[in-house]
1. Pick from region 148-175 the residues that are hydroxyl-bearing (S, T, Y) and assigned to a helix (DSSP H, G or I): which of them is farthest from N120 (Cα to Cα)?
2. Of the residues that sit in region 37-70 and are under 25 Å from Q105 (Cα atoms), among the hydrophobic types (A, V, I, L, M, F, W, C) and out of contact with any Leu (no Cβ under 8 Å at 6 or more places or on another chain), which one is surrounded by the most Cβ atoms within 10 Å (Cβ to Cβ)?
3. So which helices (runs of 4 or more DSSP H) stay within region 176-274 end to end and still have 3 or more residues that are crowded, with 17+ Cβ neighbours inside 10 Å?
4. Give me the helices (runs of 4 or more DSSP H) completely within region 34-138, filtered to those with at least 1 residues that are within 13 Å of the chain's Cα centre (by Cα) and touching a residue at least 60 places away in the same chain (Cβ under 8 Å), ordered by residue number.
5. Can you say whether A141 is touching a Phe, Trp or Tyr at 6+ places or on another chain (Cβ under 6 Å) and assigned to a helix (DSSP H, G or I), as far as the supplied structure shows?
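The values are calculated or read from the model by the stated rules, or taken from the named source; none is laboratory data. Predicted model, so just to flag it, every value in this text is computed and none were measured. A quick note on method: Cβ atoms are made from the backbone with ideal geometry, for glycine too, and the neighbour counts reach across all protein chains shown.
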Amino acid sequence: MAKRLMRAFKLVVSVLFLLLPLSCTLSIENKEHRKAQRSLNNSDYEAALFHFSRVLRKSPESDLALDSARTAARVAALHQMDFLRAVEFYRHIVIYSQNADERRQAQRQIASIEFENLNNYEQAIIEYNRLLKLPHSEAEAYDYRLAVARSYFRLNNFIQALVEVEEILGYELNDDQVFEATLLKGNLKLTTKQLDAAIGIFSDLQEQFPERARRENLGLNVAVTYEEMEDFAMAISVLETIKNDYPTPEFIELKIKRLQERQANLPGARGPVR
């Protein structure tokens, strides 16, 4: 009987020793989370992020770590403007959350931060393409694809940007979406010196969406295109028509004056315009 009790005692002690590291880990995890919350309450956001990060490192798969990641992502993005760390916290949610909608929203935040805040367009393309592989609405598909096209544009990969735009224009779009995507196509044509195509696109937009074209100062794109074609008379004419509606008419006046000077210096011109 004594031997049996001794063996049982040793077994209990062994189990306790095995559980001790886990209990210590959980204790540290909770302690760090409490420190993070206290720092947050005191608006010490840097300290809060430090302690939330420690929770994630100590026990990444725990519910407490997931809760820490949710709070820390918002704090990093909204209060600290530390977008690199915000991406790390959102990435934790993508990896460990059991909620598909939450994972998708976190992935969308990552893509948006890479594109809008970090201007890391190569990574933005990767992140938006991940979103396109997840369940999404038609409106979301448009947003993601347009961001990809704009990212390629800013990376000077104009061919791929145009491929993305053409795919977008194959979607069923509302008027605002048609305007945005077609305007990007026109700017791509302008950038790649396909000037006749650019003029055609901009003119069509002005005809189809006159109010939106006016709000977006599309006439300036048209004038720039004519200037690239060295048709200074047409460029000046367009600028004269938009001058009064432009937010800073003096800027348009300066452009007109500069174009008049260039026009006067063309071969066969009669001298500078006075």
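1. Y152
2. Here the residue is F52.
3. Where helices (runs of 4 or more DSSP H) fall fully within region 176-274 and carry at least 3 residues being crowded, with 17+ Cβ neighbours inside 10 Å, they are 195-208, 218-228, 232-242, 249-264.
4. Output list is empty.
5. no
Conditions (1) closer than 23 Å to R154 by Cβ; (2) at pLDDT 90 or above, marked per residue:
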| position | (1), (2) |
| --- | --- |
| Y171 | yes, yes |
| L190 | yes, yes |
| L195 | yes, yes |
| S203 | no, yes |
| N217 | yes, yes |
| D231 | no, yes |
| L254 | no, yes |
| R258 | no, yes |
| V273 | no, no |
